[in-house]
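The values are calculated or read from the model by the stated rules, or taken from the named source; none is laboratory data. Here the structure is a predicted model, which means the values were calculated and not measured. We place every Cβ from the backbone using ideal geometry, glycine too, and count neighbours over all the protein chains shown. SASA here: full protein model, heavy atoms, side chains in, ligands and nucleic acids out. Shrake-Rupley method; radii C 1.70, N 1.55, O 1.52, S 1.80 Å.
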Amino acid sequence: MTETTKNSGEKLSVSPTKTLTLKRGGVEQGVVRQSFSHGRSKAVVVEKVKRRIAGPGETKAETIATPDRGASAKRSGAPAPAAKAPAIASAAPVAAVVAPPKPSGVVLRTLTDDERNARAHALADARLREAEERKIAEEEARLRHGREETERAERAAAETRKIVEEERRKHDEETKRKADEVAKKRFGADATTTKSGSARPALEADEDEAPRTRRGGAVARPAPAPKAPRGGGEKRRGRLTVVTALSADEERERSVAAFRRRVQRITGHRDAEPKEKIAREVTIPETITIQELANRMAERSVDVIRILMQQGHMAKITDTIDADTAQLIAEELGHTVRRVAESDVEEGMFDTPDDPANLQPRAPVVTIMGHVDHGKTSLLDAIRSTDVAAAEAGGITQHIGAYQVSSSSGGRITFIDTPGHAAFTAMRARGAKITDIVVLVVAADDGVMPQTVEAIQHAKAAKVPIIVAINKIDKPDAKPERVRTELLQHEIQVESLGGDVLEVEVSAKEKRNLDRLLDIIALQAEILELKANPNRPAEGTVIEARLDRGRGPVATVLVQRGTLKPGDIVVAGSEWGRVRALVSDTGHSVVAAGPSMPVEVLGFNGTPEASDRLAVVDTEARAREITDYRARQKREKLAARLTGMRGSLEQMMNQLKTTGRKEFPLVVKADVQGSIEAIVGALEKLSTDEVAARVIFSGVGGITESDVTLAEASGAAVIGFNVRAHKEAREAAERAGIEIRYYDIIYGLVDDVKKAMSGLLAPTLRETMLGNAAILEIFKVSKVGNVAGCRVTDGVVERGANVRLIRDNVVVHQGKLSQLKRFKDDAREVAAGQECGMAFENYQDMKVGDVIECYRVETVQRTL
């Protein structure tokens with residue numbers, strides 16, 4: 001047999017056993033396996049026809065890749081249609097005859113130099129373009145090579161995935177087979193057959209059916225699965241339910257979600273990559289719950305509890321742990337810790353440094369200090385041309401006041417007047433802390449007194465300069481030199497004695513040398529170079545606070561930095577508010593209060609305490625946060641004091657000493673906060689180991705019905721200082737039988753409380769010796785017992801007196817004398833040298849020679 005090759009590329013082959021066929025050259029066949037969901041796959045035959053390039057003398061014939069319809073038809077059983085042969089030119093080449101060119105008879109002219117240059121430039125440009133195109137082609141080839149490498153890697157990855165999928169499918173089949181075997185052993189072969197036949201019918205049919213033919217002949221269409229014959233099926237086993245009855249004839253398929261769950265259950269989380277541990281900065285307060293700590297660390301609460309259990313601490317998710325324990329847990333889990341405290345809410349409120357370029361001169365703050373009745377308020381009245389001293393009860397100052405006056409040089413000076421009474425130590429200390437200069441007033445006729453020494457100590461503690469004002473030099477018995485000498489004992493050396501402390505002799509009554517005093521104050525202020533920044537939020541100190549019935553809580557504030565304006569949100573201690581009005585010391589409203597200016601501030605929610613620092617905050621939320629924290633701290637301190645928490649051995653010993661101490665409960669109401677402070681301090685000084693004054697409640701304002709109710713419940717006395725009780729409070733006090741006592745002078749209040757506390761003291765027993773008697777004989781009397789016949793040796797023996805029976809200088813009995821007889825008659829007393837008969841109460845063991853000592857017990861009332 002021979003094989004003839006034609007120019008068309010077709011091969012004619014003859015076989016003795018096969019039919020003569022015509023095969024097309026340049027055709028490649030391949031099989032592509034397509035993968036579908038649920039593990040299904042199909043094989044598809046793909047044919048690719050190469051493009052044939054025509055040879056010399058042939059016309060180009062393009063071949064088109066067509067699907068193998070013959071193969072599909074053969075598989076489907078239909079006759080294959082004849083394949084269309086491509087158009088092919090004649091096999092015999094045709095020789096082209098080229099005729100020689102005929103001369104045209106035109107003479108070509110010679111090129112000029114410009115034309116030659118132009119052509120040379122054009123040729124050079126063409127070469128450059130060719131080089132650029134070559135580079136572009138090389139870059140495209142490199143990119144194409146990269147894409148081919150990427151596609152090759154993707155194909156390799158696809159093959160790897162295909163192998164993994166095949167292994168997984170085999171593993172699933174093996175698992176299914178094992179499950180079927182277990183089911184056969186447990187339920188029998190019939191139930192297993194039913195279950196395995198209905199588990200995944202659609203899935204197995206898809207894998208076994210023939211490939212389907214797609215449009216274009218690329219993919220073959222699978223043959224339909226044979227249907228199960230109706231009737232003659234196996235008997236249904238298992239329970240008959242509504243679901244199984246309704247879905248008996250339906251073909252059930254497993255959903256995609258069920259398949260994914262099954263794969264995840266089999267493989268687990270092997271493919272899940274471990275997440276990278278993220279270290280966070282955890283903010284830990286003083287106390288924190290376990291749940292909040294876990295949330296801040298983005299950890300599970302069970303992990304935190306597990307760590308606590310390892311440390312021997314059993315806790316729940318809602319339990320509170322301290323900051324140290326929370327820090328150990330956070331660091332063990334790999335986080336960083338930033339410790340914060342509740343007091344951080346107050347950060348940035350005070351003492352913020354100012355730019356020196358913004359500082360401006362301010363008025364000096366001068367505090368008048370000295371002993372009581374040395375003329376402090378009178379001196380200030382003379383400077384201000386007012387009469388404040390006459391308005392004070394008893395002629396003594398019991399309130400701290402702030403005023404501003406103008407000096408002869410035109411400057412302003414702020415004066416603070418402090419009480420001189422011993423009970424107002426805290427007021428004097430408060431005045432010394434906020435002042436720039438202290439004017440120590442000493443009476444020329446009285447000299448240095450205890451409160452003068454105390455004022456000197458406050459000024460030295462505050463490290464402020466002192467100016468000595470020797471007052472009352474108009475009196476005949478005034479001795480200024482004596483004052484200067486006494487001040488030397490307390491390290492105060494005035495200028496006249498070679499020291500550096502300024503001094504001036506003044507008379508408030510005659511207004512003598514007041515201008516000189518103001519000049520000295522201005523000179524001292526100039527030396528100090530007092531400056532402040534007025535263009536910033538205000539800061540200051542509460543000098544005094546009271547509750548005005550018409551205006552509400554009123555606080556006297558000395559502005560130290562910045563400018564205070566109506567509308568500002570201020571915080572002072574545990575109270576806050578929005579400034580409603582500012583009132584000067586003269587009683588006029590002002591629109592702003594600069595540094596060193598004393599003003600009354602209206603608008604607080606409650607009455608602040610004296611010496612509280614005042615600051616302006618931005619928002620009400622911050623104000624509430626600060627005041628809530630301070631109120632909570634105040635409550636905790638009060639609770640610790642009331643419950644008697646023992647913090648040290650010394651406190652425990654003090655509590656043991658005061659276990660049986662009697663208490664005198666009091667409810668104190670006063671007009672200003674400073675008076676409350678002074679009264680409570682004075683009452684605390686009255687306390688002893690046996691009796692103490694306990695202030696149950698103290699407040700500013702009039703006595704209300706709730707105060708009376710509190711006093712009734714605790715058995716306390718109600719004291720009003722410069723205030724009166726409301727009508728309802730008076731009626732409630734009359735019904736409850738509670739006395740309300742009013743005072744306007746502090747030492748009268750202290751004296752009355754002292755007397756009342758003295759009544760709680762246990763009286764003292766004092767013995768008074770009456771006489772002695774010696775026993776001479778013992779007589780037995782019926783119905784009486786033993787009676788001692790005695791002779792009184794000294795003193796007097798009285799009937800009913802206390803006696804001691806002494807035997808050999810040892811007291812063997814102590815009791816009372818029941819009977820005293822002179823002969824046979826009862827006697828009231830028996831004098832020395834006389835004989836008598838004595839009988840003791842509840843005692844009969846008397847002997848001759850014993851000595852009877854007779855005495856009287858007297859009760860003496862004690863005082864504080």
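Our summary gives segment 551-634 a relative contact order of 39 percent, counting only alpha carbon pairs under 8 angstrom and 6 or more residues apart. Annotation: peptides 503-509, 564-570, ranked by per-residue average of other Cβ atoms within 10 Å with the highest first, follow the order 503-509, 564-570.
Against the empirical 2.2 N^0.38 Å (N residues), segment 774-864 has a Cα radius of gyration ratio of 1.12. Computed packing ranks the peptides 758-770, 450-462 as 450-462, 758-770, most packed first, by mean other Cβ atoms within 10 Å. Across segment 812-864, C-alpha contacts under 8 Å between residues 6 or more apart give a mean separation that, scaled by the residue count, equals a relative contact order of 31 percent. Sorting the segments 574-582, 773-781, 670-678 by their mean number of nearby beta carbons within 10 angstrom, highest to lowest, gives 670-678, 574-582, 773-781. Expressed as a whole percent, how much of the Cα-Cα distance distribution for segment 693-824 exceeds 18 Å? Of all Cα-Cα pairs in segment 693-824, 69 percent lie more than 18 Å apart. Rolling a 1.4 Å probe over the protein heavy atoms gives segment 743-816 an accessible area of 56 Å² per residue. From the cross-link list 162/184; 816/847; 463/754; 460/511, which pairs have alpha carbons spaced over 27 Å apart? Pairs exceeding 27 Å: 162/184; 463/754; 460/511. Over all projection directions, the Cα-based convex hull of segment 719-762 averages an area of 3.6 nm². Global dimensions of segment 112-175 from alpha-carbon coordinates: Rg and Dmax equal 27.4, 93 Å.
Suppose R0 equals 22 Å. What FRET efficiency, 1/(1 + (r/R0)^6) with r the Cβ-Cβ distance, do residue 338 and residue 291 give to the nearest 0.05? With a Förster radius of 22 Å, E is 0.70.
With each label modelled as a point 7 angstrom along the Cα→C-beta vector, the residue 481-residue 110 pair spans 14.3 nm. Looking at segment 303-387, the accessible area is 52 square angstrom per residue; that uses a 1.4 Å probe and ignores ligands, DNA and RNA. Taking 14 Å as the straight-line reach from the Cα of residue 479, the aspartates and glutamates in range (excluding those fewer than 8 positions away in the same chain) are 445, 446, 505. Taking the centroid of alpha carbons for each part, segment 330-387 and segment 486-523 are 28 Å apart. By the compact-protein rule of thumb, 2.2 N^0.38 Å, the alpha-carbon radius of gyration of segment 546-616 corresponds to a ratio of 0.97.
Normalised by the number of residues in segment 480-569, the average gap of Cα pairs under 8 Å and 6 or more apart makes the relative contact order 17 percent. Straight Cα distances below 18 angstrom link residue 176 to the aspartates and glutamates 165, 166, 167, 190, 204, 206, 207, 208, 253, with same-chain residues fewer than 8 positions distant left out.
Entry comment: accessible area of segment 460-609 is 47 Å² per residue, from protein heavy atoms only and a probe of 1.4 Å.
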